[in-house]
Every structure is written in C-alpha cells, then in structure tokens.
Amino acid sequence: MLGHMILITPFKARYLDKTYFELAYDATKLALRDANKNDANITHKDLQSTVYGIYNELFERQFMPDIFTNSYIGMNDKPGTRIASGGATGGYTVRMAFAEVASGLSDLCLCIGVEKCNDCYDEQTGTTTPEVLNAIAYSADMTYEYPMGMMAASSYVSMVNAHYDEFGNPSEEQMALVSVKNHGNAMLNPKAQSPMEITVQDVLNSRIICYPFKMLDCCLYSEASAALILANEEKVKELGVENPIWITGVGAANTDCFIGNRESIGRLYSNINAAKVAYKMAGLDYDRIKDQIDIAELHDAFSGQEVISYEELGFVPFGEGGKWIEDGGPMLDGELPCCPCGGLIGCGHAVGATGIMSTGEAALQLRGDAGKHQCAIEKGRAISHSIGGPGAAYAAVIVMANEEGLEKP
C-alpha cells in the first residue's frame, strides 16, 4: 500500500513563458508543498527516485527530455525512468512508480508527467495543430497506416463504430451527453482548459472531425504537468501524513496494436484485462465494481470511448453504456460519477501528465479536497483509467482507497 501527495498545474492551450522542464518544476514544487502541509519538511533531496511520463519527443523538440527535466528539478545522481505509452503514459507512469516503492527500491518516489506540445510551430499554416497531429500520427504503423492518413480520431472511431454495429450503442446523442457532462463538470474545476455550458444539440451541430465524432466529442491537446509523491507505509507513518490515500490495485494490459487483428474490433480487451487485474489486486469484484467505488476518472479522449469504457470496466453490461448515461448514471449526482474534474474533454489532454492528473484527481476526491467538483464519498474507493497508443493498445487502471475504504469489504 502506498500513500501519495498530489499537485496538478492548470491545463492550457499553450504556456508561452515556460519550457517543459519548467512546467515539471512547478508541479514538483507544488507536490512537495502538499506533502509538507503537516510540517514533514520534505525537500527534493529526500526523493530517492523519479518516474517521468513524457509521451512524445517531437512535442518537446528534444530526444530524451527526461534527463533535462531530471537535472532541472534537482534529481541529479539519482535513478530516473521514463515512460512513453501514448495516452496511457500517465497511468503506466503511476504503475512504475508504484513498483519502485512496492519493490523496496525507494521509500519516496516522485511520479511526474509533463507535456509541452504546442511549440511545434508549422511555418506553412502558421499554427501548431498540423505538427501536433503529425507527431501523434507517428504512433501509428509507419508502413501501412500512416501513409493512409491514420490519426488518433480515426483510430478510436473505428472501435466506436464497430461497437455500435455489435451493440447498437453509443449513438451520436449518447456520445454528446458525455461531452455535455464533461465540459459542464470542467466549469467547477479552475484548472480545466475547456469549461463550457453546452447542450446535446450544440455537440451535434459542431463540425465533423471523423464521423461520427464531432469537434465537441474530442478532447483538446494541452500543456500541463502533474506530480504525485509515492511513499511506503512506514514513510507515511514517519511523516505523519493526515488522511493518506492508498494505492490498493494496479492493472495494465497491452492488446494487438493492429485493430483488425483483434478478436473483436468493438471491444478493447486491454481495458477489460487491466481492470480485472487491478480489481483482483484490490480485492474488488469486476461484476460488482459500480457498487464498490465512489468515483471514476476515465480516459475520455473521445466521448464514444467513455461510453464503451463504462462497459469494459464493468460498470454496466455490454451494450448498456449508452442507456446508462441517458439515465444519469455517470453524472455528478449519479450512482457512479465519472470524470468529475471534466476529464480530458473538459480539463484537457496533456498526454504525459493526463493519467497522473486523473489519479491525482481521484485521490483528491477521496481526501475530500476536490473543491467545487467534490463528490459524495461513502465507500472510500476510486479508480483512475488510462488508455492510449495505436488503437488504444495500452490500458492502465489504478484503484485507490482512503483509510475508511481500507476497512470496508
């Protein structure tokens, strides 16, 4: 079990005045401040190792950006490991930091994600967007998929359309409800990039990106950083941490990177398998998980994928995700709030930082420190979820509990 301290910088379209390693410094400094609320007097010198979540060298315009970050935040002469697994980078980074501490290699480990994507300026168009999209497209197969125009949206939309063909959901209206929910939740989160009060019709009227995804069905790429400090149980007691949050389950799985090779295009088995591993480790039941956790921070890069994730993570049976959101199940006042911080659609998607942000947000909920988007906490447990890579081949699920959650069956 591991307690952790959390801090997240605001998600923005672009930080004109900061480098990626300065953003990482900001999150590190704020995480240390959070850790020292009880006069623990921890400094960067006490951190024994670091795990870096930095997805894409082209975003940072720097190969091996982790070593430059390592030096800037004062972690010279200590081990540091970089994780890069697409949109799941943050979740896998938390997993590696957990392993660092659980194995006994470190008593205190800094888990930090950062992304600075919008300095990739395109001289021909005068914008950053084409270069950002091209950098992401390099994650696709370069022999066949990239030359045919594979992008993140087209990769996800293939799975959503196949799911619709098999189960009859999610419909365009059901996907739009996700966008309305998450943009609306973001209005309660001062760190969110895209807070908006919109309607289903607003989503349906927004321009088509990759049918049936509309502009408002898609997350925005962001610049931000997020940091957690993970500690073992003895260190948590030594530091006198009040209301520690414990990581009780960690699951991850990779599926075939070629969507067409999978047993079912409309089911993401990396999601299913990662969830089952995490729940089993935490002593939870996949078939009853909705009744065992208070909130879920999901990877909603595209609205349709959130609906599918309801089913793959065991919240509802396959084919019922669309109806569940129609009935209000994942709303802030629903039976299991999903993405109360606004998720990627509302908060933003700073790829390397996103899964760390969602883990931190889930932990803040369990601490009762989520501010205006705080949900009712009764069971004392929450999950964060990350997916990414070609065809969302990577998936990670983190289960957390507060002190009360540890005691409940």
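Throughout, read-outs are computed from the coordinates displayed, never taken from laboratory work. Bear in mind that the values here come from a model prediction, so they are computed numbers and not experimental data. Virtual Cβ from ideal backbone geometry, glycine too; neighbours counted across all protein chains shown.
Is it the case that some residue within segment 41-54 is hydrophobic (A, V, I, L, M, F, W, C), under 19 Å from the mean Cα position of the chain (by Cα) and assigned to a loop (DSSP other than H, G, I, E, B)? Spell out the reasoning first.
Let us first name the residues in segment 41-54 that are hydrophobic (A, V, I, L, M, F, W, C), namely 42, 47, 51, 54.
Now restrict to residues that are under 19 Å from the mean Cα position of the chain (by Cα): 51, 54.
Okay, now just the ones that are also assigned to a loop (DSSP other than H, G, I, E, B), so 54.
Yes: one or more hits.
Among the residues of segment 177-203, what is the count of those that are surrounded by fewer than 19 Cβ atoms within 10 Å (Cβ to Cβ), of a type in the set (S, T, N, Q) and in a loop (DSSP other than H, G, I, E, B)? I'd like the intermediate steps shown before the answer.
From segment 177-203, those surrounded by fewer than 19 Cβ atoms within 10 Å (Cβ to Cβ) are 184, 187-188, 190, 195-202; that's our starting set.
Still in the list and also of a type in the set (S, T, N, Q): 199, 201.
So of that shortlist, the ones also in a loop (DSSP other than H, G, I, E, B) come out as 199.
Matching residues across segment 177-203 total 1.
Take segment 45-75 and flag every residue that is out of contact with any helix residue (DSSP H, G or I) (no Cβ under 7 Å at 6 or more places or on another chain), without any contact (Cβ under 8 Å) to a residue 60 or more places away in the chain and of a type outside the set (A, V, I, L, M, F, W, C).
Lys45, Asp66, Asn70, Ser71
Anything in segment 354-372 that is crowded, with 24+ Cβ neighbours inside 10 Å and in contact with a helix residue (DSSP H, G or I) (Cβ under 6 Å, 6 or more places away or on another chain)? List them, or say none.
Thr354, Gly355, Ile356, Thr359
Just name the residue that is nearest to Ile136 (Cα to Cα) out of those in segment 343-389 that are part of a loop (DSSP other than H, G, I, E, B) and not small (Gly, Ala, Ser). Walk me through it before giving the result.
Within segment 343-389, the subset part of a loop (DSSP other than H, G, I, E, B) is 347-348, 350, 368-370, 374-380, 389.
Those left that are additionally not small (Gly, Ala, Ser): 347, 369, 374-375, 377-379.
Details: Cys347: 19, Asp369: 34, Gln374: 33, Cys375: 34, Ile377: 37, Glu378: 40, Lys379: 38 Å.
Per the criteria, the residue is Cys347.
Among the residues of segment 160-177, write down those that are of a type outside the set (Val, Ile, Thr) and within 14 Å of Phe318 (Cα to Cα). Even if it seems obvious, please write down each step before you answer.
Initially, segment 160-177 is screened for residues of a type outside the set (Val, Ile, Thr), giving 161-177.
Correct list: Ala162, His163, Tyr164, Asp165, Glu166, Phe167, Gly168, Asn169, Pro170.
Based on what the data block shows, is Val160 touching a residue at least 12 places away in the same chain (Cβ under 8 Å), β-branched (Val, Ile, Thr) and closer than 30 Å to Glu22 by Cα? Before you say what the answer is, go through the steps one by one.
Values: touching a residue at least 12 places away in the same chain (Cβ under 8 Å): yes; β-branched (Val, Ile, Thr): yes; closer than 30 Å to Glu22 by Cα: no.
No: the conditions fail for Val160.
Can you tell me how many residues within segment 55-113 are under 27 Å from Ile42 (Cβ atoms) and in contact with a strand residue (DSSP E or B) (Cβ under 9 Å, 6 or more places away or on another chain)?
The initial filter retains those residues of segment 55-113 that are under 27 Å from Ile42 (Cβ atoms), namely 65-83, 89-113.
Those still in the list that are in contact with a strand residue (DSSP E or B) (Cβ under 9 Å, 6 or more places away or on another chain) too: 65-67, 69-70, 73, 75, 78-83, 89-102, 104-113.
Number of matching residues: 37.
Restricting attention to segment 315-340, report how many residues are more than 16 Å from Glu173 (Cβ to Cβ), surrounded by 20 or more Cβ atoms within 10 Å (Cβ to Cβ) and without any contact (Cβ under 8 Å) to a residue 40 or more places away in the chain.
Selection size over segment 315-340: 2.
Answer with yes or no whether Ala253 is surrounded by fewer than 23 Cβ atoms within 10 Å (Cβ to Cβ) and touching a residue at least 40 places away in the same chain (Cβ under 8 Å).
yes
Suppose the filter is surrounded by 20 or more Cβ atoms within 10 Å (Cβ to Cβ) and of a type outside the set (Val, Ile, Thr); does Gly343 pass it?
Yes.
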